[in-house]
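Let me begin by handing over the structure; questions about it come next.
The values are calculated or read from the model by the stated rules, or taken from the named source; none is laboratory data. Since the model is a prediction, treat every value here as computed from it, not as a measurement. FYI the Cβ positions are ideal-geometry reconstructions off the backbone, even for glycines, and counts take in every protein chain you see.
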Amino acid sequence: MNQKLRNLVQQLGEAIHESVSESEHIAGVVKDIRKQGFDVLLMLEATIGLNELEQQPVAALEASNAEKQSGDKTFTAQDLSFLKSLRIAIEEHEGHK
């Protein structure tokens, strides 16, 4: 794995940690547990898997980049499965499931 990719994976881990640590919902539940007389130790493990994409022709990459820039938000089945494992729901738009 090259250094740039390592840095990006580290940034992803930091973003996940930040999201959890700044969650008002999590903080509220922890506070409620403490009110019940318990201390809370929260340890989460995130496994980040990477699959190298097959090489695409330049035209296909340009079309893909144009879609991303146009604001089209699409997710692969793997993306949706990962988000679901984190209990993150994605709103369905225009017939996408």
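Step by step: first the residues of segment 1-19, then only those that are surrounded by 12 or more Cβ atoms within 10 Å (Cβ to Cβ) and among the hydrophobic types (A, V, I, L, M, F, W, C), then the one that is farthest from residue 83 (Cα to Cα). Which residue is that?
Here the residue is 8.
Further question: Output the qualifying pairs, or none if there are none: Cβ atoms under 8 angstrom, residues six or more apart or on different chains, first residue in segment 29-50 and free of Cβ contacts under 8 Å to residues at least 12 places away in the same chain, second residue outside any loop (DSSP other than H, G, I, E, B).
Note: pairs meeting the criteria are 40/30; 40/33; 40/34.
Select from segment 86-96 the residues that are among the charged types (D, E, K, R) and farther than 21 Å from residue 47 by Cα and write down the one among them that is modelled with the highest pLDDT.
By that ranking, first place goes to 91.
Restrict the check to segment 21-28 and report whether at least one residue is surrounded by 10 or more Cβ atoms within 10 Å (Cβ to Cβ) and touching a residue at least 24 places away in the same chain (Cβ under 8 Å).
No.
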